[in-house]
Amino acid sequence: MSNSQTLTIPSTLLPTDGRFGSGPSRVRPEQMAALDRAGRTVMGTSHRQPAVKNLVGRIRRGLTDLFDAPDGYEVVLGNGGATAFWDTAVSSLIRTRSQHVTIGEFSQKFAEAAAAAPHLQDPSVISSAPGTLALPTGEADVDAYAYAHNETSTGVMSPIIRPHSATDDQLVLVDATSGAGGLSVDIEQTDVYYFSPQKSFAADGGLWFALCSPAAISRAEEIAATDRWIPQFLSFTTALSNSRKDQTLNTPATATLLLMAEQVDWMNKNGGLDFTTARTAETSGLLHQWVEGRDELTLFVTEPSARSQVVTTIDLDSAIDAAEVTRIARANGIIDIEPYRKLGRNQLRIATFPAVDPSDVQALIASLDWVLDQLS
Ligand SMILES: *Cc1c(COP(=O)(O)O)cnc(C)c1O
């Protein structure tokens, strides 16, 4: 190929929707249509009045159903996304010391937030190399375990199990930002299962949602009663009391709530997590099969059971420049398949969240096959 600048993927090969980003991720057209319909009745109206409160209530009920939340678990939400939730946990949920499993950028960030807190002891950190999995392990002097359901930067998913010797007084805090909705989970194994709406829920960013156990709620109440300074924005009990009224402390992004409600309802109507996880198993499976059939590609995650169903990371042979592949893809409308920036690998990263249709993944594969054939 003399001039790759001009490579045009045959339009018959292209996916209907070229967005394969790991977050923010594609929004289904039906969600956008719902947003349009709600243009005058919900958008631009008070979040203290029924229209928006009903929307929040619809999401809270929908998430309770989707995750089959055990008795006593509550859906809490707040502004600021998962990143704000880390600081909320540091302020409001960790008593003295947490254990963090860090297997990539996102799990690392929560560990850093805990390490920086003057009121906490240095956290216990269990790390493993990018692309590999590590699990939390029972430790007597921690009061919270923190790990991620899906490490979005590397494409590693984790089973969600309470550490073997965990006591009732040790909370399990799971960052499910990209895993929630696309991976199966038994919520009873967690005390806080938290996530943002812009990944598997195909909405927009800016909010956090959390399924919280009675133990997590009592911990927050216990800490709120001490003399620890907790900024109001990072107060879990404040978020809880607002959530119980289907509100948030300060103004939420109504459009995000609308998109989120549509996606949760779509998931539930189609069969809930059984539907979404079958779909992510199928779409990620298509990618895994494809990689195994091409010599110049390898799956970055070598342990098959740790390969994520929602984010697939694919290393390219050094003879092919992944940046060139993603540049050509982008010019043809296939976007956001670049690797996580700080990982610095010759890699593609492709998300298969529930909103991604299997036929689009097949078309993506056909398109990338075509590009790779042209470049070799
Ligand atoms: C995207 C992501 C975050 C950060 O989410 P924000 O909503 O941007 O704060 C945290 N954890 C994981 C696992 C993520 O994928």
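Key figures for this structure:
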read-out	value
Condition check for residue 95: free of Cβ contacts under 8 Å to residues at least 12 places away in the same chain and either more than 15 Å from the ligand (Cβ to nearest atom) or of a type in the set (Ser, Thr, Tyr) (or both)	no
Hits in region 60-101 - residues which are closer than 23 Å to residue 268 by Cβ and assigned to a loop (DSSP other than H, G, I, E, B)	67, 68, 69, 70, 71, 72, 73
Evaluation of residue 291 against (1) crowded, with 16+ Cβ neighbours inside 10 Å; (2) of a type in the set (Val, Ile, Thr); (3) over 30 Å from residue 368 (Cβ atoms) (one fails), failing number	(3)
Flag if residue 202 is crowded, with 21+ Cβ neighbours inside 10 Å, in a loop (DSSP other than H, G, I, E, B), in the same structural domain as residue 56 (by the TED database) and of a type in the set (A, V, I, L, M, F, W, C)	yes
Residues that are farther than 22 Å from residue 107 by Cβ, in contact with a Lys or Arg (Cβ under 9 Å, 6 or more places away or on another chain) and crowded, with 22+ Cβ neighbours inside 10 Å, drawn from region 317-342	334, 337
Check on residue 369, under 21 Å from the mean Cα position of the chain (by Cα), assigned by the TED database to the domain that holds residue 289 and part of a helix (DSSP H, G or I)	no
Residue tally, condition within 13 Å of the chain's Cα centre (by Cα) and not aliphatic (A, V, I, L, M), over region 167-183	6
Of all residues in region 129-159 being in a loop (DSSP other than H, G, I, E, B), touching a strand residue (DSSP E or B) at 6+ places or on another chain (Cβ under 6 Å) and over 12 Å from residue 103 (Cα atoms), the one that is farthest from the ligand (Cβ to nearest atom)	139
Any chance residue 22 is part of a loop (DSSP other than H, G, I, E, B) and within 16 Å of the ligand (Cβ to nearest atom)	yes
Of residues in region 111-166 being modelled with pLDDT under 95 and more than 19 Å from residue 194 (Cβ to Cβ), the one farthest from the chain's Cα centre (by Cα)	165
Which numbered condition residue 43 misses (of (1) within 27 Å of the chain's Cα centre (by Cα); (2) not in a loop (DSSP other than H, G, I, E, B))	(2)
Residue list for region 295-328, filter: more than 16 Å from residue 153 (Cα to Cα) and touching a helix residue (DSSP H, G or I) at 6+ places or on another chain (Cβ under 7 Å)	296, 297, 298, 316, 320, 324, 325, 328
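The values are calculated or read from the model by the stated rules, or taken from the named source; none is laboratory data. This structure is a prediction, so every number in the text was calculated from the model and none was measured. As a convention, Cβ positions derive from the backbone with ideal geometry for all residues, glycine included, and neighbour counts pool all protein chains shown.
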